2 protein chains.
Amino acid sequence: MEDVEVVVDDIEKKGEEPNERSEWVLNAPEPPSPWHVFVGSVSNTISQYQEKAYGLRSQSGPKLVLSFLQAIFPVLDWGRNYTAISFRNDLLAGLTVASLCIPQGIGYATLARLDPEYGLYTSALPPLIYAMMGSSREVAIGPVAVVSLLLSSMVQKLTDPSTDPLGYTKLVLTATLFAGIFQAAFGLLRLGFLLEFLSHAAIVGFTAGAAIVIGLQQLKGLFGFQRFTNETDVVSVTISVRQSLDHPWNYSNLVLGCSFLIFMLACRFLSKRNRKLFWLPAISSLASVILSTLAVFVTRADKHGVQIVKHVKAGLNPSSVHQLQLNSPYIAEVAKIGLVAAVISLTESVSVGRSFASLRGYHLDGNKEMVSIGFMNIIGSFTSSYVATGSFSRTAVNVAAGCETAGSNIVMAITVVISLLCFTKLLYFTPMAILASIILSALPGLIDFNEAYRIWKLDKLDFLACAGAFFGALFSSVETGLLVAVAISFTNIIMMSIRPGTEALGRLPETDLFCDAHQYPMAVKTAGVLIIRIKSALLCFANANFVRQRIMKWIAHEEEEANENEGVITKRIIQLVIIDASNLMNIDTSGISSLEELHKSLVSHGKQLAIANPRWEVIHKLKSANFVKTIGGRVFLTVAEAVGCKQDRV
Amino acid sequence: MEDVEVVVDDIEKKGEEPNERSEWVLNAPEPPSPWHVFVGSVSNTISQYQEKAYGLRSQSGPKLVLSFLQAIFPVLDWGRNYTAISFRNDLLAGLTVASLCIPQGIGYATLARLDPEYGLYTSALPPLIYAMMGSSREVAIGPVAVVSLLLSSMVQKLTDPSTDPLGYTKLVLTATLFAGIFQAAFGLLRLGFLLEFLSHAAIVGFTAGAAIVIGLQQLKGLFGFQRFTNETDVVSVTISVRQSLDHPWNYSNLVLGCSFLIFMLACRFLSKRNRKLFWLPAISSLASVILSTLAVFVTRADKHGVQIVKHVKAGLNPSSVHQLQLNSPYIAEVAKIGLVAAVISLTESVSVGRSFASLRGYHLDGNKEMVSIGFMNIIGSFTSSYVATGSFSRTAVNVAAGCETAGSNIVMAITVVISLLCFTKLLYFTPMAILASIILSALPGLIDFNEAYRIWKLDKLDFLACAGAFFGALFSSVETGLLVAVAISFTNIIMMSIRPGTEALGRLPETDLFCDAHQYPMAVKTAGVLIIRIKSALLCFANANFVRQRIMKWIAHEEEEANENEGVITKRIIQLVIIDASNLMNIDTSGISSLEELHKSLVSHGKQLAIANPRWEVIHKLKSANFVKTIGGRVFLTVAEAVGCKQDRV
């Protein structure tokens, strides 16, 4: 009983102070209502725009216009300080990335089941627009594998590209328009936080699953199959591969593709070992294309069964405004596809941009990035480009090649434009197997085992979301993998709210601190008092009843345990139950009802209830519900004071 | 700077203790993993069953069998102590409730668009089964308005009862079977907590909306319209009423119905004023039926346009096992309807049972109740009864009439059985308008203005869920109202997790306590130190980035404010940022990443980061991620110690 005595002495010494402190608790000013919080948040957003406008307003005429334009087109800012050295670095980086992204672009367009030139269009104009509007200095823009797969798997459910390629292309471009609109809207309305609904663990799993699906789809190009399933799940693809293998097939595609694949994988491996060889993967893919095209041209292997790209339409991006189908019966579906593509592409690009920005020590405004990517895709949809975004692998090459500004994107775009104007004929004899192997060589970068292992070590439930996304993408479809990931992540949050744990607190020796008796085994329980803390920030409808039952069970458990421990037939009865409310951020009507029920049960068993350290909203609501009067004013600032009251007021 | 000096002195006095306490924090034992928690929860459930089995095992042979049977059929328990006085009370109560529930039963069956006798069947057998298996002593079983409406509005979308009444009835009975199965499953698997997904505020709003919809549907019977819309939303019903009013209609129905409605409402009002007149509402409805039937019989008003019930099939509940449609193409839809009906009926019955049990001072096992109601409905579906449950109004009459045990249900059931055998012919001339007015007279009890006002006063967001459920049920459909309610409630929980507030802490004068500076205006900020607490139990993917940005903004805000307050051009720079982690129950990989990013940003600006009072799971994960090393071991048990370290370690 020593601890209790010590506390009582302290309280006696401090005289009136416990009551004074309880008055502090009970007389706190009224907290802001949810309406005020909402209005505050909206006006906060508006005032951010106003601040920028105010900053601009202090300038006059032409300077004002210039500042305004600079805010929208950062190129006017960094363009003024552009040096020859910067240009040289950007030139090198741009050329390096271009050599990678020309074959990748054609491959990804095929993955998206569009004509090959669309991959080049998407690598030509969008990077130029991004270079003018974007804030990241490292991100390299172009089509990406996962988004291409997503578009093909979702749009082909509406229109089959093999029977109606024109209609399919129109829907993809319309989806791109919607994606751009959603992205710009997210940025302008500062809704960037919605992207965080996709947890990092879920993205890791989803990307890995999508990578395997993409890899399996490349088997068509690698083996040179004529017919292949449209489905994207592992089971269908495996069955389709087996069926196709039964028919006579030409192994020359496979030989060609595999040999260059091994070559490219070896180059990637070497470049990882030696940082100076960063240019190797890019050059290796370009070299593979050139060598294999030459080989097919010289041997006319296309007459011996090797599938080739054939005609790639020359010339710059044609206008595609007339192709956008806003009256289609599928408009709602297409808008949905646009939304999913917007979210996926933004997630990758913004996270890539942010991580490189923090490496290089500057701050990247996520919302502004979203606006620039959104406009890029909107204009892209007018110019025959489909969804473009920043990809991690391309950006890594860009950075390793020494880019300094977004000018590298300009260089890359111009290179692609030159290719479109002059070199498309050279791609006639490029084997499809090579495009397949280029895509396949990029896939290991998407499957991050180390990260998955780190997630497993740190947080098993996070890993569950990761695994769910992976298997969903693998065995069902890419969108399903995403939905599974989001669902698991949110179920996680909800389950933690609904079935919160409770912990009993004990006093740490020689202190006034009360802590979880399991976390701090040296904590000592106080006789006759049960101090409970609920491990949740909310006491709401979803957990109120559960918490009440848990507390009653704790009491019964404590009293039983006391009986067993002491061999004597003296019961250790709990006289005072203190709820440490330091965690509780908020309480709703169900929570208040369950506290009232708990108090009734306790009183009927001759016990008292006290509340310690309630937060602002909680004490306000408890006062409004007259609960403070109901428990006889037993509200304290600290648990120590609440323990002390047992002696005084029982 | 006085506060900081005082703390430093204290720490110097206590010597090594700060380090020792930090060791307590850092060397806590490993917390249980989620798998262990899950396994523990499952074995907890199993052990509860084992305890009961063990309690039984200590008995021998026949006693064991008896105890086992008593657990399943509580009637064997209270039946043994049944006295004559109990019988008298139950008899009175049962007769009182029966006089109310015979007309109500016919009316609710009509609301459910079944033949009238089904209402009597549902009041005949299910109460008998409940009396044998149920644990509540007050609950009165029978059909209820809201569930009847729910069934009719959902099943009529599958089969139109006006064109195919037999098929419709079969689907309703099959839905009842599913409802019973779900209810029993919830109880056996102890999933009762799932019911709490419907917050009390949502139920209040939903019930009020459903009551208005039910009232509007009674206009058909009250006015005697021939044709009426099947839709349940306010707009369709209003349009239908106006259209029907354009056609010639007979006002005798309206006169009859309204006069008795006024009579019954007056009786209800009187009984609320004077508690001794509890029997008035029940008798008034029976009297209305008898008087109006006589009136129609004598005047043969049915030939003058008064709609009458006509033939009510005599005889006991026929077996309906052959009517259950398990091979129907609608089986999935019917199962879904069964689930919704199960949840709604359980919610009402269990909450009614619990509130009366706590009033009368005994504990009601919610899961056991669910099992008994589930079996009741399963057997009911075999015997031509549709979903029956306990209703608040009927139970209130039961209690006011003095029931002592579930035997009142037996008396009520036997009364209904006698009516079915002997009195159905007497119902031939009962006007439909009377049934409509009986239902209408019960509706004011479902619309609880006081409760809605109390919710508005206590918690505006709860009220939003209430209003959403109300308008959803009113303007769309009953199921929509429910979905809206659940969605709003959960969005509430998720939004609180995603955009948590942050608060800056200050020291309370003359203490070592640090509290929210807004809640306690007397709190004093410490120079050079910013103490932040995140108002959320989780730092996870959904809020990690947001929290990090908020903290950076706080720092900028504090440094700016210092500049403005002091007229002198001395900057008050924050040197130490302390995160008070007392709220944080858990952190995931995204949370850890954002803490690492925060630390990098702070270090690049020459600031330090410290963590105070981390919880069990949090400190464990921070150690696993090597974050503790990253911040130089600055982990403290209390904020006061963390503040003290500024002097020592800067």
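The values are calculated or read from the model by the stated rules, or taken from the named source; none is laboratory data. Computed from a predicted model, the values in this text were never measured in an experiment. Here the Cβ positions follow ideal geometry from the backbone for every residue, glycine too, while neighbour counts run over all protein chains shown. Ligands, DNA and RNA are stripped out before the accessible areas are found, and what is left, the full protein with its side chains, is counted by its heavy atoms. Shrake-Rupley method; radii C 1.70, N 1.55, O 1.52, S 1.80 Å.
Looking at the structure I just gave you, is B:Ile447 at pLDDT 80 or above and on the phi < 0 side of the Ramachandran plot?
On the way: at pLDDT 80 or above: yes; on the phi < 0 side of the Ramachandran plot: yes.
Yes, satisfied.
Looking at region A:450-500, which of the residues that are farther than 29 Å from A:Ile337 by Cα and of a type in the set (S, T, N, Q) is modelled with the lowest pLDDT?
Going through the qualifying residues, I end up with A:Ser497.
Before we move on, is B:Arg190 within 14 Å of chain A (Cβ to nearest Cβ) and outside any helix (DSSP H, G or I)?
Yes: the conditions hold for B:Arg190.
Output yes when any residue across region B:342-356 is in contact with a helix residue (DSSP H, G or I) (Cβ under 8 Å, 6 or more places away or on another chain), not β-branched (Val, Ile, Thr) and not in a helix (DSSP H, G or I), and no when none is.
Within region B:342-356 (the criterion being in contact with a helix residue (DSSP H, G or I) (Cβ under 8 Å, 6 or more places away or on another chain), not β-branched (Val, Ile, Thr) and not in a helix (DSSP H, G or I)), the answer is no, since none of the residues qualifies.
Return a yes/no flag: does region B:406-423 have any residue that is more than 14 Å from every other protein chain (Cβ to nearest Cβ), of a type outside the set (A, V, I, L, M, F, W, C) and in a loop (DSSP other than H, G, I, E, B).
Our first condition is that a residue be more than 14 Å from every other protein chain (Cβ to nearest Cβ); within region B:406-423, this holds for B:406-423.
Right, trim to of a type outside the set (A, V, I, L, M, F, W, C) and you get B:407-409, B:415, B:419.
Still in the running and in a loop (DSSP other than H, G, I, E, B): none.
No: region B:406-423 contains no residue that is more than 14 Å from every other protein chain (Cβ to nearest Cβ), of a type outside the set (A, V, I, L, M, F, W, C) and in a loop (DSSP other than H, G, I, E, B).
So, in region B:504-518, exactly how many residues are more than 8 Å from chain A (Cβ to nearest Cβ), of a type in the set (A, V, I, L, M, F, W, C) and assigned to a loop (DSSP other than H, G, I, E, B)?
1
Please report, ordered by residue number, the helices (runs of 4 or more DSSP H) entirely within region B:222-306 with at least 3 residues that are farther than 27 Å from B:Leu427 by Cα.
On the way: elements: B:234-246, B:251-273, B:280-299.
Once the helices (runs of 4 or more DSSP H) in region B:222-306 are filtered for at least 3 residues that are farther than 27 Å from B:Leu427 by Cα, what remains is B:234-246, B:251-273.
Looking at region B:485-500, which of the residues that are in a helix (DSSP H, G or I) and touching a Ser or Thr at 6+ places or on another chain (Cβ under 8 Å) is farthest from the other protein chains (Cβ to nearest Cβ)? Outline the logic, then answer.
Initial filter on region B:485-500 (in a helix (DSSP H, G or I)): B:485-498.
Still in the running and touching a Ser or Thr at 6+ places or on another chain (Cβ under 8 Å): B:485, B:489, B:493, B:496-497.
On the way: B:Ala485: 10, B:Ser489: 6, B:Ile493: 5, B:Met496: 6, B:Ser497: 5 Å.
Looking at residues that are in a helix (DSSP H, G or I) and touching a Ser or Thr at 6+ places or on another chain (Cβ under 8 Å), I get B:Ala485.
Residues of region A:576-597 being among the aliphatic types (A, V, I, L, M) and more than 10 Å from every other protein chain (Cβ to nearest Cβ), which ones? Steps first, please.
Our first condition is that a residue be among the aliphatic types (A, V, I, L, M); within region A:576-597, this holds for A:576-579, A:581, A:584-585, A:587, A:592, A:595.
Listed by number, the residues that qualify are A:Leu576, A:Val577, A:Ile578, A:Ile579, A:Ala581, A:Leu595.
Give me the residue from region A:131-142 that is assigned to a loop (DSSP other than H, G, I, E, B) and open to solvent by 10 Å² or more (accessible area, probe 1.4 Å) and, out of that set, farthest from A:Gly94 (Cα to Cα).
Going residue by residue through region A:131-142, those that are assigned to a loop (DSSP other than H, G, I, E, B) are A:134-140.
Next cut, open to solvent by 10 Å² or more (accessible area, probe 1.4 Å) only: A:135, A:137.
Details: A:Ser135: 17, A:Arg137: 12 Å.
For region A:131-142, the residue satisfying everything is A:Ser135.
Look through region A:602-632, keep the residues that are closer than 26 Å to B:His363 by Cα and in a loop (DSSP other than H, G, I, E, B), and return whichever of them is least open to solvent (accessible area, probe 1.4 Å).
The extreme case among them is A:Ile631.
Kindly indicate whether any position in region A:344-356 is modelled with pLDDT under 85, of a type outside the set (Lys, Arg), surrounded by fewer than 17 Cβ atoms within 10 Å (Cβ to Cβ) and under 20 Å from the mean Cα position of the chain (by Cα).
Scanning region A:344-356, I find at least one residue that is modelled with pLDDT under 85, of a type outside the set (Lys, Arg), surrounded by fewer than 17 Cβ atoms within 10 Å (Cβ to Cβ) and under 20 Å from the mean Cα position of the chain (by Cα), so the answer is yes.
Among B:Leu195, B:Leu265, B:Leu189, which is closer than 30 Å to B:Pro126 by Cβ, modelled with pLDDT under 85, within 29 Å of the chain's Cα centre (by Cα) and surrounded by fewer than 20 Cβ atoms within 10 Å (Cβ to Cβ)? Break it down into steps so the answer makes sense when it comes.
On the way: B:Leu265 fails: modelled with pLDDT under 85; B:Leu189 fails: modelled with pLDDT under 85.
Answer to the selection: B:Leu195.
Looking only at region B:105-130, how many residues end up being of a type in the set (Phe, Trp, Tyr), touching a helix residue (DSSP H, G or I) at 6+ places or on another chain (Cβ under 7 Å) and open to solvent by less than 10 Å² (accessible area, probe 1.4 Å)?
As a first pass, look at region B:105-130 and keep what is of a type in the set (Phe, Trp, Tyr): B:108, B:118, B:121, B:130.
The next check asks that each one be touching a helix residue (DSSP H, G or I) at 6+ places or on another chain (Cβ under 7 Å); those that pass are B:108, B:118, B:130.
Next cut, open to solvent by less than 10 Å² (accessible area, probe 1.4 Å) only: B:130.
Qualifying residue count for the region: 1.
Which residues, counting only those in region B:491-502, are open to solvent by 10 Å² or more (accessible area, probe 1.4 Å) and under 24 Å from B:Phe636 (Cα atoms)?
In the first step, residues of region B:491-502 are kept if they are open to solvent by 10 Å² or more (accessible area, probe 1.4 Å); the result is B:491-492, B:494-497, B:499, B:501-502.
Within region B:491-502, B:Gly501, B:Thr502 qualify.
Report yes if A:Arg190 is basic (Lys, Arg) and under 30 Å from B:Leu539 (Cβ atoms), otherwise no.
Values: basic (Lys, Arg): yes; under 30 Å from B:Leu539 (Cβ atoms): yes.
Spelling it out, A:Arg190 is indeed basic (Lys, Arg) and under 30 Å from B:Leu539 (Cβ atoms).
Return the pair list, or none, for Cβ contacts closer than 8 Å from residues in region A:413-441 that are open to solvent by 10 Å² or more (accessible area, probe 1.4 Å) to residues that are aromatic (Phe, Trp, Tyr) and part of a helix (DSSP H, G or I), at least 6 apart or on different chains.
Between residues of region A:413-441 that are open to solvent by 10 Å² or more (accessible area, probe 1.4 Å) and residues that are aromatic (Phe, Trp, Tyr) and part of a helix (DSSP H, G or I), the close pairs are A:Phe429/A:Phe297.
Condition check ((1) at pLDDT 65 or above; (2) within 30 Å of B:Lys629 (Cβ to Cβ); (3) within 14 Å of chain A (Cβ to nearest Cβ)) across all residues:
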site: B:Val4; (1), (2), (3): no, yes, no
site: B:Gly40; (1), (2), (3): yes, no, yes
site: B:Ser47; (1), (2), (3): yes, no, yes
site: B:Ser58; (1), (2), (3): no, no, no
site: B:Phe68; (1), (2), (3): yes, no, no
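Looking at region A:211-241, which of its residues are closer than 15 Å to A:Ser476 by Cβ and under 29 Å from the mean Cα position of the chain (by Cα)?
Of everything in region A:211-241, those that are closer than 15 Å to A:Ser476 by Cβ and under 29 Å from the mean Cα position of the chain (by Cα) turn out to be A:Ile212, A:Val213, A:Leu216, A:Asn230, A:Glu231, A:Thr232, A:Asp233, A:Val234, A:Val235, A:Ser236, A:Val237.
Name the single residue that is modelled with the lowest pLDDT among those in region B:233-262 being aromatic (Phe, Trp, Tyr) and more than 26 Å from B:Gly94 (Cβ to Cβ). I'd like the intermediate steps shown before the answer.
Of region B:233-262, the ones aromatic (Phe, Trp, Tyr) are B:249, B:251, B:260.
When the remaining residues are screened for being more than 26 Å from B:Gly94 (Cβ to Cβ), the result is B:249, B:251.
On the way: B:Trp249: 73, B:Tyr251: 80.
Only one residue tops the list, namely B:Trp249.
Is it the case that some residue within region A:143-151 is open to solvent by less than 10 Å² (accessible area, probe 1.4 Å), in contact with a Gly (Cβ under 7 Å, 6 or more places away or on another chain) and assigned to a helix (DSSP H, G or I)?
no
Restricting attention to region B:598-618, which residues are at the interface with another protein chain (Cβ under 9 Å from one of its Cβ atoms) and more than 18 Å from A:Asp516 (Cα to Cα)?
Of everything in region B:598-618, those that are at the interface with another protein chain (Cβ under 9 Å from one of its Cβ atoms) and more than 18 Å from A:Asp516 (Cα to Cα) turn out to be B:Lys600, B:Ser601, B:Ser604.
Could you check B:Leu530 against (1) surrounded by fewer than 23 Cβ atoms within 10 Å (Cβ to Cβ); (2) at pLDDT 85 or above; (3) more than 7 Å from every other protein chain (Cβ to nearest Cβ); (4) in contact with a Ser or Thr (Cβ under 9 Å, 6 or more places away or on another chain) and say which number it fails?
Exception for B:Leu530: condition (4).
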